[in-house]
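Student: My questions will all concern the structure given below.
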Amino acid sequence: MEGAKAAILGLLCLISLGTIGWEMRVQSFSLSAIRSAAYEADTETLTIYWHNGRKSSHYLVPEWVAVKIFSLADPYSFYLNHIRDTYPATQLSWRSLFKRRRDSVAQSEIEAWEREMSAG
């Protein structure tokens, strides 16, 4: 019953907002591995927020795909079949952010050391 209510609410929101011209839309899901999704029309970016804390941002996603995912009570299978391998993505978690920061610092230190060595 919750899924049906979420689907109806999603459709009512789409009808009231219209599907053309909306800049950013966020939808929560209660019956899915997906916690919520957000779509930015200006950048054609669909961001999926997972219950495990990860975030996947997919780029170059047409608006009709976002409209479809927001209309589903459980969008997980649609995500697997139509989004995950079709549109380029980055996945972020706290662990990956810390690793990227650590790697970027280490790389800059290596480059500085190489400059010093080549100058001397």
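The values are calculated or read from the model by the stated rules, or taken from the named source; none is laboratory data. Keep in mind that this is a model prediction, so the values were computed, not measured. Backbone-built Cβ (ideal geometry, glycine too); neighbour counts: all protein chains shown.
Student: Looking at GLY10 and the list (1) touching a strand residue (DSSP E or B) at 6+ places or on another chain (Cβ under 7 Å); (2) modelled with pLDDT of 80 or more; (3) surrounded by 12 or more Cβ atoms within 10 Å (Cβ to Cβ), which single condition is not satisfied?
Tutor: (2)
Student: Before we move on, is ILE69 among the hydrophobic types (A, V, I, L, M, F, W, C), buried (at least 19 other Cβ atoms within 10 Å of the Cβ) and either at pLDDT below 90 or touching a Ser or Thr at 6+ places or on another chain (Cβ under 6 Å) (or both)?
Tutor: Considered against the rule, which asks whether it is among the hydrophobic types (A, V, I, L, M, F, W, C), buried (at least 19 other Cβ atoms within 10 Å of the Cβ) and either at pLDDT below 90 or touching a Ser or Thr at 6+ places or on another chain (Cβ under 6 Å) (or both), ILE69 comes out as no.
Student: Would you say LEU60 is under 13 Å from ARG25 (Cβ atoms) and within 13 Å of the chain's Cα centre (by Cα)?
Tutor: Judged against the criteria, LEU60 is not a match.
Student: Residue by residue through region 17-56, note down the ones that are part of a loop (DSSP other than H, G, I, E, B), of a type in the set (D, E, K, R) and either modelled with pLDDT under 85 or surrounded by 13 or more Cβ atoms within 10 Å (Cβ to Cβ) (or both).
Tutor: GLU23, GLU44, ARG54 - these are the residues of region 17-56 that are part of a loop (DSSP other than H, G, I, E, B), of a type in the set (D, E, K, R) and either modelled with pLDDT under 85 or surrounded by 13 or more Cβ atoms within 10 Å (Cβ to Cβ) (or both).
Student: For region 92-109, indicate whether the set of residues that are outside any loop (DSSP other than H, G, I, E, B) and either within 12 Å of the chain's Cα centre (by Cα) or modelled with pLDDT of 90 or more (or both) is non-empty.
Tutor: yes
Student: For the subset of region 43-77 comprising residues that are touching a residue at least 40 places away in the same chain (Cβ under 8 Å) and among the small types (Gly, Ala, Ser), which member is farthest from SER32 (Cα to Cα)?
Tutor: Across region 43-77, the extreme among qualifying residues is ALA66.
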